[in-house]
Each structure stands twice: as structure tokens, then as C-alpha cells.
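Structure, as C-alpha cells:
The values are calculated or read from the model by the stated rules, or taken from the named source; none is laboratory data. Just so we're clear, the structure is a prediction, and the values are computed from it rather than from any experiment. Neighbour counts are summed over all protein chains in view; Cβ atoms, including those assigned to glycine, are modelled from backbone coordinates with ideal geometry.
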Amino acid sequence: MVQLSDEALSLVFREARTFSAWTNQPVSDETLQKIYELAKWGPTSANSGPARFMFLRSREAKERLRPALSAGNVEKTMTAPVTAIVAYDLKFYEKLPKLFPHNPGLRNVFAGNPQLVEITALRNSSLQGAYLMLAARSLGLDCGPMSGFDNAKVDEEFFGADKCEDCEQEFFPRGHVKSNFLCNIGYGDRSKLLQRSPRLEFDEACTLL
């Protein structure tokens, strides 16, 4: 397999930063679709793909999120072009016949084991959230992942209704989807970056056996 150029690796890893301030450059729906089309190829357990992404773009959507945010996350979120709710579907196994067709019985393994469902959904949606960030960075965007919010409030506000009040779009079924973390997406204001924090060296974090 061909290795990425050093410039590309720097774009995605070395020079990429976590942003709290943003420029006014918008992020189009087409760009969000491109991000997902890249991120969806990242591996998950049994190709389960439990992550569900809700992209908040409008002022109205952001205001619905505001009450769930911790004080330190309000400004950075309200000014971001897009805030992604990275969530997970507790009934992801219903799609396994499509996503993992060579093992038709796997759906029933998950359906009868809620503890396995929870840990699989949380772990793999976290992976998929990271894939989403890497995809965004590879397309020249910046990210600001964060916790610092009330999951229960987010779940009730965004995943607690069966249908949108003012449209025909079906939302995720009540109780099946839970929030994992939030990620602001846009074009970061580099003039407001703080000095980059250090990372552990190889010998501090890794062991070779």
C-alpha cells in the first residue's frame, strides 16, 4: 500500500489542532457528506457501524443544544459552523443482516445481550467519531471534540422524538440512540490557538514484548 506523503501526515496529525475559535468560512452540506463518505470506511466490530451523526448547522439547532452545554463550551460551540453529535444506536444489530451478511445469526447474538450491545456501541461509535475527525482534517477542516455537556439533556432534546415537528423526516426512534461526544467542525482561527500541549514519548506510552 502506498504511504501518505509527509505533508499529508502533518495535515492529519502533527499540525492538526483542537480548535475553540472559528473563522466565518461556512461548511457546506456537500462537505459534510464527503466527510461521512470517508469516515464510513473505518473498521468497526463485525462491521456494525453503530455510530449515528447529527450535524447541527442552523442557529435554531444550536440553541436547542445550548442548555446542555457546560459554561466553558457554549461560546466555542455557538460560533462553530457545525456541531456534530456523535451518538450510537442501541439497535445497531438490526442492520447487521445488511452489514455482515455472511453471518446471519449474529444479529440474534446482540439482540439477546444488552450488555454486549452497550459496550460494542460505545466503543465503536468512539472509533467512528475519531474517523470522522480524521476525515474532516484530511479535507482541510478543523475539529474541536469535547465532552462537557449533559448527555441526558442532549438525548431527550435530539433523540427523544419520533419525528421532527416541522418536517416529514424520520428521526431516530425514541430511546434507541444515545449521545457519546460532541465535535465542532469548521475552519479554525489559528490566531487564537494556545501553545500546543506536550505528548508522551514512545517509551512512556508503549511497551514492546
Handout entry: Odd one out for LEU56 among (1) out of contact with any Gly (no Cβ under 9 Å at 6 or more places or on another chain); (2) of a type outside the set (Gly, Ala, Ser); (3) over 19 Å from MET146 (Cα atoms)
Key = (3)
Completion exercise
Condition set closer than 16 Å to LYS95 by Cα and of a type outside the set (Ser, Thr, Tyr), scope segment 117-130, selection nearest to the chain's Cα centre (by Cα): answer is ASN124
Problem - Residue check, LYS153 at pLDDT 95 or above and over 18 Å from ARG17 (Cα atoms) - result: yes
Handout entry: Only listed residue being polar (S, T, N, Q), modelled with pLDDT of 95 or more, buried (at least 18 other Cβ atoms within 10 Å of the Cβ) and assigned to a helix (DSSP H, G or I), chosen from THR31, THR77
Key = THR77
Practice task
Kindly provide the set of residues from segment 165-203 that are more than 29 Å from GLN25 (Cα to Cα), exposed (fewer than 13 other Cβ atoms within 10 Å of the Cβ) and modelled with pLDDT of 90 or more, ordered by number.
Solution key: PRO198, ARG199, LEU200, GLU201, PHE202, ASP203
Practice task
Return a yes/no flag: does segment 102-123 have any residue that is modelled with pLDDT of 95 or more, crowded, with 16+ Cβ neighbours inside 10 Å, polar (S, T, N, Q) and closer than 30 Å to ARG190 by Cβ.
Solution key: no
Completion exercise
Checked pairs for segment 58-85, first without any contact (Cβ under 8 Å) to a residue 40 or more places away in the chain and more than 17 Å from ASP155 (Cβ to Cβ), second loosely packed, with under 12 Cβ neighbours inside 10 Å and of a type in the set (Val, Ile, Thr), C-beta under 9 Å and 6 or more apart or across chains, list as none
Problem - All positions within segment 101-159 that are in a loop (DSSP other than H, G, I, E, B), on the phi < 0 side of the Ramachandran plot and of a type in the set (Gly, Ala, Ser) - result: GLY105, GLY112, SER147
Handout entry: Counted residues, segment 15-28 - those being surrounded by 10 or more Cβ atoms within 10 Å (Cβ to Cβ) and free of Cβ contacts under 8 Å to residues at least 12 places away in the same chain
Key = 2
